[in-house]
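Worksheet for the structure shown next.
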Amino acid sequence: MTTVRAAVCTGLNEPWKTEELEVDPPANREIRVKMVYSGMCHSDEHLRTGDISAPPEVLEMIGVKSMFPVVGGHEGSGVVTEIGPNVTQVAVGDHVAVAFIPSCGTCFWCASGRQNLCDLGMMTLAGGMISDGTYRYHLGGENVNRMAQLGTFADEMVCHENSVVRINPWDNMKAAALISCGIATGFGSAVDRAKVKPGETVVVARASPARGTSSRWIRSPSSSSGRRKSAPRTRRRRSPRCRSCCRSSRWAATPTW
């Protein structure tokens, strides 16, 4: 068992705090990753405020009373430092990007190209380890949940091997961290949901730097020959009540390690 520092939320609407956690060694098909980069997605804040949570019936089904305490973070990259038994997809020293939805590659959904529906994703928001349902993280004798079966807001992370993707050792690890969530969701929103086609000219409304991936210039998905269009800057009239609400709803979370 080792001790790591991590940003932990201990209850609904409680602040993120840096805590010392006891972490068990990797078990069957599990790995330990030394985190190099971790990004904060607003989904982590939604978890803290209860805007995304597993329904009570789901928590009861998997034998969990609460999603808290929880280690935040589901976007990041790192280096594998230890592997458990029967790990086949990565080795010690490999560089990896995390996957906020695990993918086994063999279930019906993965085999049909819908890895986002992988059977292993059932316990993405709450519950023990994918491998056996037990917990590796402990705080004061209490089991600790991990955001998206990951918990990248930590010095080190123990997770299932299907929750990471091996990358080349020369790949930019900062970029890999962004690709692991922010860029992937942005690309999916444009290609899968908006059905944008190569060569089309598009306007991106309400672009924001919330994930660190938006910019004022947007390239159409037609490789290097794509034309650029700027995201429009719009000004909306808001009532005094709305302006007051917007001012009071700003948030920030800065890890202290």
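The values are calculated or read from the model by the stated rules, or taken from the named source; none is laboratory data. Everything quoted here is computed from the prediction, not taken from an experiment. All Cβ positions, even for glycine, are placed from backbone atoms using ideal geometry, and neighbour counts span all protein chains on display.
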**Item:** Lone unmet requirement of (1) buried (at least 18 other Cβ atoms within 10 Å of the Cβ); (2) touching a Gly at 6+ places or on another chain (Cβ under 7 Å) for Leu12
**Value:** (1)
**Criterion (among the aliphatic types (A, V, I, L, M), in contact (Cβ under 8 Å) with a residue 24 or more places away in the chain, touching a strand residue (DSSP E or B) at 6+ places or on another chain (Cβ under 6 Å) and farther than 22 Å from Val36 by Cα) met by exactly one of Leu125, Leu139, Leu120, Leu150** = Leu139
**Message:** What pairs come out if I take residues in segment 74-102 that are of a type in the set (Phe, Trp, Tyr) and pair them with residues that are at pLDDT below 95 and crowded, with 16+ Cβ neighbours inside 10 Å whose C-beta lies under 6 Å away, six or more apart or interchain?
**Reply:** Phe100/His74; Phe100/Ala148; Phe100/Cys181
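For Gly93, state whether it is modelled with pLDDT of 90 or more and on the phi > 0 side of the Ramachandran plot.
When the stated conditions are applied, Gly93 passes them.
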**Request:** Answer yes or no as to whether Pro85 is farther than 23 Å from Ala176 by Cβ and either over 20 Å from the mean Cα position of the chain (by Cα) or not in a loop (DSSP other than H, G, I, E, B) (or both).
**Result:** yes
**Message:** Going through His42, His74, His138 one at a time, which residue ends up being crowded, with 17+ Cβ neighbours inside 10 Å and not β-branched (Val, Ile, Thr)?
**Reply:** His74
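Return yes or no: is Thr185 of a type in the set (Val, Ile, Thr), in contact (Cβ under 8 Å) with a residue 12 or more places away in the chain and under 21 Å from Val4 (Cβ atoms)? Spell out how you get there, then give the answer.
Details: of a type in the set (Val, Ile, Thr): yes; in contact (Cβ under 8 Å) with a residue 12 or more places away in the chain: yes; under 21 Å from Val4 (Cβ atoms): no.
Answer is no for this residue.
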**Asked** Of everything in segment 22-41 that's among the small types (Gly, Ala, Ser) and in a loop (DSSP other than H, G, I, E, B), which residue is farthest from the chain's Cα centre (by Cα)?
**Response** Ala27
**Request:** Consider Glu19 carefully, then state whether it is in a strand (DSSP E or B), modelled with pLDDT under 95 and in contact with a Lys or Arg (Cβ under 8 Å, 6 or more places away or on another chain).
**Result:** yes
**Asked** Taking the stated definitions as given, is Met157 out of contact with any helix residue (DSSP H, G or I) (no Cβ under 6 Å at 6 or more places or on another chain), crowded, with 21+ Cβ neighbours inside 10 Å and under 15 Å from Cys181 (Cβ atoms)?
**Response** yes
**Asked** Any residue at all in segment 60-69 that is on the phi < 0 side of the Ramachandran plot and either in a helix (DSSP H, G or I) or at pLDDT 95 or above (or both)?
**Response** yes
**Request:** Hey, can you tell me all the residues within segment 42-64 that are of a type in the set (A, V, I, L, M, F, W, C) and over 13 Å from Gly151 (Cβ atoms)?
**Result:** Ile52, Ala54, Val58, Leu59, Met61, Ile62, Val64
**Fill in**
Sole miss for Val191 among (1) among the β-branched types (Val, Ile, Thr); (2) modelled with pLDDT under 90; (3) assigned to a strand (DSSP E or B) is condition (3)
**Fill in**
Within segment 123-135, restricting to residues that are exposed (fewer than 15 other Cβ atoms within 10 Å of the Cβ) and closer than 27 Å to Arg48 by Cβ, the one that is modelled with the lowest pLDDT is Gly133
